[in-house]
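The values are calculated or read from the model by the stated rules, or taken from the named source; none is laboratory data. The structure presented is a predicted model; accordingly, all values stated were derived computationally and were not measured. Backbone-built Cβ (ideal geometry, glycine too); neighbour counts: all protein chains shown.
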Amino acid sequence: MIRSKWTAIGKPMPIALAVGVEPGLPFVGGMPLPEGADESHFLGALFGEGLELVPAETVDLLVPATAEMIIEGYISLDETVMEGPMNEFPGYNAYEASPSNCSPSPRSRTGTGPSSRSSRLGRR
C-alpha cells in the first residue's frame with residue numbers, strides 16, 4: 001500500500017527502522033489496523049499517553065524519540081537485487097528480485113531521546 005503510493009509519485013520510498021523501541025510497538029506494527037491508522041496513536045491509546053515522536057535526520061519521517069537506534073534510508077522503486085540464496089523457515093526459496101537500497105549513506109542514531117548523537121554506521 002505505501003510502496004504503491006511512492007511508485008505513483010516516482011520517487012524512492014523513505015524508510016526509518018527503529019530498533020530498541022517501546023516493547024509494545026513491534027506488536028502494534030503487525031496488527032491489522034484500519035488503512036491509514038497510525039500505529040503510534042494506537043499504542044498511545046493503550047498506554048494512556050502519546051508516544052513521543054521526533055523527525056528523522058535524513059528522511060522526512062517521524063520516529064520514536066526513545067528508540068535506541070534509527071536506521072534511515074530509501075528503497076529504490078526501479079532497482080532490484082536477488083536475495084539469497086537463502087532458504088526461509090517455512091521451506092521456500094527466494095527466487096525473485098527484491099528492491100535494492102539506494103540510499104547513498106545510511107545513518108544511525110544511538111542513545112535515547114531527541115538529544116541522541118548521530119554517527120555514520122560503523123563509525124563514531
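Name the residue that is surrounded by the most Cβ atoms within 10 Å (Cβ to Cβ), counting only residues in region 35-53 that are under 19 Å from the mean Cα position of the chain (by Cα) and assigned to a loop (DSSP other than H, G, I, E, B).
Of everything passing the filter in region 35-53, Leu51 is surrounded by the most Cβ atoms within 10 Å (Cβ to Cβ).
State all residues of region 15-34 that are closer than 16 Å to Asp60 by Cβ and touching an Asp or Glu at 6+ places or on another chain (Cβ under 6 Å); if no residue qualifies, say none.
Correct list: Ala16 only.
Since Thr80 meets every condition but one in (1) loosely packed, with under 12 Cβ neighbours inside 10 Å; (2) out of contact with any Gly (no Cβ under 9 Å at 6 or more places or on another chain); (3) not hydrophobic (A, V, I, L, M, F, W, C), which condition does it not meet?
Failed condition: (1).
Which condition does Pro32 not pass, out of (1) modelled with pLDDT of 85 or more; (2) surrounded by 12 or more Cβ atoms within 10 Å (Cβ to Cβ); (3) in a loop (DSSP other than H, G, I, E, B), if it passes all the others?
Here Pro32 clears every test but (2).
When region 20-29 is examined, which residues are found to be surrounded by fewer than 13 Cβ atoms within 10 Å (Cβ to Cβ) and not in a helix (DSSP H, G or I)?
Pro23 - this is the single residue of region 20-29 that is surrounded by fewer than 13 Cβ atoms within 10 Å (Cβ to Cβ) and not in a helix (DSSP H, G or I).
Mind telling me which of the residues Val63, Val28, Val81 ends up being hydrophobic (A, V, I, L, M, F, W, C) and touching a residue at least 24 places away in the same chain (Cβ under 8 Å)?
Val63
Any idea how many residues of region 1-13 are surrounded by fewer than 17 Cβ atoms within 10 Å (Cβ to Cβ) and either under 12 Å from the mean Cα position of the chain (by Cα) or among the aliphatic types (A, V, I, L, M) (or both)?
Number of matching residues: 4.
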